[in-house]
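Please read the structure below before turning to the comments.
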Amino acid sequence: MADSFKNFIDGAWVEPSTGQYFENRNPARRSDLIGNFPRSSREDVDRAVAAAKAAFPDWSRTPAPARGDILRRVGDLLTARKDEIARAATREMGKTLQETRGDLQEGIDTAYYAGVEGRRLFGQTVPSELRNKWAMTYRRPIGVCGLITPFNFPLAIPTWKMFPALVCGNTVVIKPAEDTPHTVALLVEVLEEAGIPRGVVNLVHGLGEEVGAAIVEHPDIPVISFTGSTETGSIIAQTCGRMHKRLSLEMGGKNAQIVLADADLDLAIDGVLWGAFGTTGQRCTATSRLLLQDEIHDEFVARLMERARGLKLGYGLEKDVEVGPLIHEASLQKVEEYIEIGKGEATLAMGGERATGEGLDDGYFFQPTIFTDVKPGSRLATEEIFGPVLSVIRFKELDEAIRINNEVKYGLSSSLYTRDAVASFRAFQDLDNGITYVNAPTIGAEAHLPFGGVKQTGNGHREGGWEVYEFYSETKVCYLDYSGKLQRAQIDNYEASPY
Ligand code: UN1
């Protein structure tokens, strides 16, 4: 019998009100059942929100440095359990152990950064325009935050949302992707062990259209943070708009790596292999377009294909495996649909089929795939596929590459390989993305810098770095007038002045 997992509500592990569960299986070994997870309902969300609401007054008044201390302990515990949790993440998510260890490290970095932020959370003191009056700001907690997280960074993304929310003094209800509930259950276990007070963190497992929708629509949740598809994001945004909720969206990408003829080609090949096929292309920051300058196009493609053919597919816990499976059957089917679309639009240069053979037949494996002769504006060149599919586009001048890069509805990350300093700064200035890398792939965001994109990738907020702390708090402005008389701003100061 596989294990049955529980929700975590009000400091206790509890069964779902429905008595129903869903299966969580290993995407590389379908026969490996990881466990049954609660298929919760609105009632479970109600309970979790009530617990989070009840915990808010005390938690929000706990000094921020003390809140940060708990996050520091979380960092220590995650470090101690890094390998164990990374293994669990690979088992349910599929990417290689090296990658899930990186995912864990991103969570650890986020925890320590949050720990320090508990001793900062700076406000500002600003001179008043009037005599004998002070003006200052401080950051105030908001309330219960509803967090909805994806499968591809099963640990890091929940920490990106949860830790800053907690340090700012909010309480949370989290619903992880139904593909990766185990990793988040382990994270919540760690928070419990670190001493997070009862009700401050609540975990409700279930389906997006049931639990996710209940969180988004709950009147006692004023803040929602979601990472996932642009389509789901716009549905969430409509509800949040109607209900006046604060919302952070992190959605799709169609990220390009641009290679100029003067670049170090070996370095650029390493970059695109990691960017396009790492995490089996299932990253918002995956490289799904490769823009090659005319002069080097043919040589680059030939060398890239040779390297891509050598990538070892398999179960991410096995030695030397470089590329894991896709997350589930629907994802495989979506990739297959794009292969058909691509065949009508471009040249299929390699891959294009499910990967079979020893160790692959029981999982959702797909061959690393490269299309060449891809036309800017075509579906292959503009739509997010979220799989190991790379579209190669040829260009003549940097201006043209910049234009092609910007011709999509998404704007997460971009990358330029060159030795030319002027071209690098042109890229920083003109590429319409939230993140631009020079001589590094489209992947590689660090926990202490803001992460996010422009256009339909996001809605103007950033995760990570110092900016996310603004999202999870309200600015309170405080004036103290000790003049002992009525002083009218904008009026009394100016009555006797020439202005
Ligand atoms: C995502 O793709 O959903 O830079 C997040 C990166 C990672 C985070 C990616 N550190 O790609």
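The values are calculated or read from the model by the stated rules, or taken from the named source; none is laboratory data. Worth saying up front: this structure is predicted, and the values here are computed from it rather than measured. Counting neighbours? That spans all protein chains shown, and the Cβs are built from the backbone with ideal geometry, glycine included. Only protein heavy atoms, including side chains, enter the accessible area calculation; ligands, DNA and RNA are left aside. Shrake-Rupley method; radii C 1.70, N 1.55, O 1.52, S 1.80 Å.
Rounded to the nearest 0.05, what FRET efficiency do Arg87 and Lys6 have when you use their Cβ-Cβ distance and R0 = 35 Å?
Efficiency, rounded to the nearest 0.05: 0.95.
Run the numbers for Phe122 and Glu231: contour at 0.36 nm per residue of separation, minus the present Cα-Cα distance, in nm. Each step should come with its number before you reach the end.
Details: separation 109, 0.36 × 109 = 39.24 nm, distance 3.59 nm.
My answer for the length gained is 35.7 nm.
Taking only DSSP H segments of four or more residues, each worth -39500 (n - 2.57), what value at 222 nm results for the chain once the sum is divided by all its residues, to the nearest 500 deg cm²/dmol?
So the calculated ellipticity at 222 nm is -12000 deg cm²/dmol.
How far apart, in nanometres, would the label points at Asp266 and Arg307 be if each is projected 7 angstrom from Cα along the Cα-to-Cβ direction?
So the two model labels end up 1.0 nm from each other.
Using a 7 Å offset from Cα along Cα-Cβ at Phe22, what residues in segment 192-213 end up with backbone N under 19 Å from the label point?
203-213
Suppose accessible area is computed on protein heavy atoms with a 1.4 Å probe; arrange Lys476, Lys82, Lys485 from highest to lowest.
Sorted by accessible area, descending: Lys485, Lys476, Lys82.
Please list Phe300, Phe5 from largest to smallest accessible area, probe radius 1.4 Å, with all protein chains kept in place.
Phe5, Phe300
Taking amide H atoms as placed 1.01 Å from N in the peptide plane, list the residues 5 or more away in sequence, or in a different chain, whose amide H sits under 5 Å from that of Ala263.
Arg419
In cubic angstrom, how much convex hull volume per residue do the alpha carbon atoms of the chain span?
Measuring per residue, one finds 168 Å³ for the Cα hull of the chain.
Can you pull the accessible area of His297 for me, 1.4 Å probe, Å² to the nearest 10?
10
FRET efficiency for Val454 and Val422, Cβ-Cβ distance as r, R0 = 25 Å, nearest 0.05? Don't jump to the answer; show the numbers that get you there.
Working: r = 23 Å, r/R0 = 0.93.
For Val454 and Val422, the calculated efficiency is 0.60.
For segment 129-211, what does the alpha-carbon gyration tensor say about shape, rounded, prolate or oblate, given a ≥ b ≥ c as the root eigenvalues, a/c under 1.5 as rounded, and a/b over b/c as prolate?
Taking the square roots of the gyration eigenvalues as a ≥ b ≥ c, segment 129-211 is prolate.
So how much slack lies between Asp76 and Asn439, counting 0.36 nm per residue of separation and subtracting their Cα-Cα distance, in nm?
Contour length minus the Cα-Cα distance gives 127.4 nm.
Separation between the Thr347 and Gln333 pseudo-spin-labels, each 7 Å from Cα along Cα→Cβ, expressed in nm?
Distance between label points: 3.3 nm.
Taking 0.36 nm per residue of sequence separation and subtracting the Cα-Cα distance, how much length would be gained by fully extending the chain between Thr62 and Glu15, in nm to one decimal?
Extra length available between Thr62 and Glu15 comes to 13.9 nm.
Heads up, I need the accessible area for Asp430: 1.4 angstrom probe, whole protein in place, Å², nearest 10.
So the heavy atoms of Asp430 present about 50 Å² to solvent.
Which net charge results for the neighbourhood of Thr183, defined as the other residues with beta-carbon distances under 9 angstrom from its beta-carbon, given Lys and Arg at +1 and Asp and Glu at -1?
After counting each charged neighbour, the total is -2.
Quick check: Cα centre of segment 203-254 to Cα centre of segment 291-335, how many Å?
Taking the Cα centre of segment 291-335 as reference, the centre of segment 203-254 is 32 Å away.
Excluding Ala447 itself, calculate the net charge of residues whose Cβ lies under 10 Å from the Cβ of Ala447, where each Lys or Arg counts +1 and each Asp or Glu counts -1. Provide the component values of the computation, followed by the final result.
Working: positive: none; negative: Glu106, Asp109, Glu446, Glu463.
Once all neighbours under 10 Å are counted, the net charge is -4.
Could I have the simple spin-label model distance between Asp46 and Thr137, label points 7 Å from Cα toward Cβ, reported in nm to one decimal?
About 3.9 nm separates the two model spin labels.
Expressed as a whole number of Å, what is the distance separating the alpha-carbon centroids of segment 443-499 and segment 171-198?
Centre-to-centre (Cα) distance: 31 Å.
For the chain, give me the percentage of DSSP beta bridges that are antiparallel, rounded to the nearest 5 percent.
40
Rank Arg419, Arg73 by accessible area, highest first, at a 1.4 Å probe radius?
Descending order: Arg419, Arg73.
Strictly over 22 Å apart at the Cα level, which of Lys53/Lys161; Lys245/Lys409; Lys133/Lys485; Lys6/Lys319; Lys95/Lys319 would you flag in this model? Show your work: numbers first, answer last.
Working: Lys53/Lys161 18 Å; Lys245/Lys409 25 Å; Lys133/Lys485 11 Å; Lys6/Lys319 32 Å; Lys95/Lys319 13 Å.
From the list (Lys53/Lys161; Lys245/Lys409; Lys133/Lys485; Lys6/Lys319; Lys95/Lys319), the Cα-Cα distance tops 22 Å for Lys245/Lys409; Lys6/Lys319.
Could you please state how large a percent of the accessible area of segment 255-438 is carbon and sulfur, counting protein chains only and using a 1.4 Å probe? Display every interim value, and only then the final one.
Values: 3520 of 7350 Å².
Reported share for carbon and sulfur atoms: 48 percent.
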